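To start, the structure itself, in structure tokens.
The values are calculated or read from the model by the stated rules, or taken from the named source; none is laboratory data. Not measured: the values here are computed from a predicted model. Note that we place each Cβ from the backbone using ideal geometry, even for glycine, and neighbour counts take in every protein chain shown. Ligands, DNA and RNA are excluded from the accessible area calculation, which covers all protein heavy atoms including side chains. Shrake-Rupley method; radii C 1.70, N 1.55, O 1.52, S 1.80 Å.
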Amino acid sequence: MSLNSTYFSPSAKTTDTHCDKAQEPRMSDDSPQNESECGSARRVSREWWLHVGLLCIPLLAVYLHIPPPQLSPVLNTWHSSGHFFTFRGNNIFYKESVGVVGSSDVLLLLHGFPTSSYDWYKIWDSLTQRFNRVIALDFLGFGFSDKPRLHRYSIFEQASVVEALVAHLGLSEQRINILSHDYGDTVALELLYRNDHNRSGHITINSLCLSNGGIFPETHYPRFVQKVLKDSGFISPVLTRLINFQLFSRGIRDVFGPYTQPTEAEFWDMWTGIRFNDGNLVIDSILQYINQRLKHRERWVGALTSTSTPLHMIYGPLDPVNPHPEFIQLYQKLVQRSTVSVLDEHVSHYPQLEDPTGFFNAYLSFINSF
């Protein structure tokens, strides 16, 4: 008996019984009629599935071409207060504020994956009260920057983007303080390596503060979706098109503490930054940074353990990506010259958003210590 006939068409069920009888060795006198009814049932079933398929095609097309959400007022303000410069034919967004008069201190902020420079908005004003210039950029492929398709995104290129921005702002001879998070931590370590090896065009780093970055592959636990997207080959571009706000918010919600969850509007701002310039379609390419961390571990962890630059780590201990105490114990074991600030036990992977006051105070204590 046909499954489709059984569950989707009561009349087809009756006809299907006649169809079974019509195939018995001893056919009744009305077997031609039974065969006709059987054929009609099959045609009805085929037509039903055809209609379902024809209905799904436009629905899928609409789903895959949902326009990005409009910028919220606060996100629009962030965007309109920023600037752009060109790096190898791509527009890179950055925001700069002039703060304390009489100070020459410059602070450069490096954001994480998959968000943007907007991650720093909760501590931006406080930072401008301590530093003369506060600068944040959206890496290539993130936020309001260009997001080229069929592009090999790499940590090395992002470090070059940062160096180009510093040169663009006329700060190549200035000592720069770097405050980074997550993905930005690895970019910062590449910058640190270039600084310590006196590479051409390098940034002169005055201090480096990291926060909740997966800098040790052995203590880094990417989310399931990240692992799927980075290693699925030709299927990944299809999967990136299927990610919507509901899937995104459900996934990123898990890396915030239960008492430090963003509001729905804040989740939408994060998603809007990703969807801007179709950034959701390059996530799989950007995620290759996880494999790059493993491949270049010796270079980047080596830079961290051998540098004489003042170092600090601000850590949200509830982080499922870099879990406590495994991550912080390894950090303290390998990076003995660094100081560490472990925030409240309820703070997770985004400490600057979950506990902005605690995060700022920890950073201020570090930056004022030398």
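Descriptive notes on the structure:
- When you count the other C-beta atoms within 10 angstrom of each residue and take the mean per peptide, 178-190, 301-313 line up highest first as 178-190, 301-313.
- Rounded accessible area of Arg133 (nearest 10 Å², 1.4 Å probe): 50 Å²
- Accessible area of segment 90-368 belonging to carbon and sulfur atoms, whole % at 1.4 Å probe: 51 percent
- Nonlocal amide H pairs with Ser341, under 5 Å, H built at 1.01 Å: Met313, Ile314, Tyr315
- With a Förster radius of 35 Å applied to the C-beta separation of Asp196 and His151, the computed FRET efficiency comes to 0.75.
- Taking all protein chains as they are arranged and a probe of 1.4 Å, the heavy atoms of Thr339 leave approximately 70 Å² accessible to solvent.
- Per residue accessible area in Å² of segment 90-368, where ligands, DNA and RNA are left out and the probe is 1.4 Å: 39 Å²
- Phi to ³J(HN,Hα) by Karplus 6.51 cos²θ - 1.76 cosθ + 1.60 over segment 301-312, Hz, x for Gly, Pro: 5, x, 4, 5, 7, 10, 6, 9, 5, x, 10, 8
- Radius of gyration and maximum dimension Dmax of segment 193-240, Cα, Å: 16.9, 43
- Two-decimal log10 I(q)/I(0) for segment 90-368, as the Debye equation yields it once each C-alpha is a single scatterer, q = 0.07, 0.12 Å⁻¹: -0.22, -0.70
- Inter-part distance, segment 200-221 to segment 258-317, computed on C-alpha centroids, equals 10 Å.
- Those residues of segment 250-287 whose amide nitrogen sits under 18 Å from the label point placed on Leu294, 7 Å along Cα→Cβ: 284-287
- Farthest toward positive dipole pole in segment 90-368 [+1 Lys/Arg, -1 Asp/Glu at C-beta], among Ile123, Ser338, Gly141: Gly141
- Segment 112-264: C-alpha pair distances exceeding 28 Å, %: 26 percent
- Signed unit charges on C-beta, dipole axis of segment 90-368, positive-most listed residue Tyr350, Asn244, Ser365: Asn244
- Segment 113-268 - charge dipole about Cα centre, Lys and Arg +1 at Cβ, Asp and Glu -1, debye rounded to 20: 260 debye
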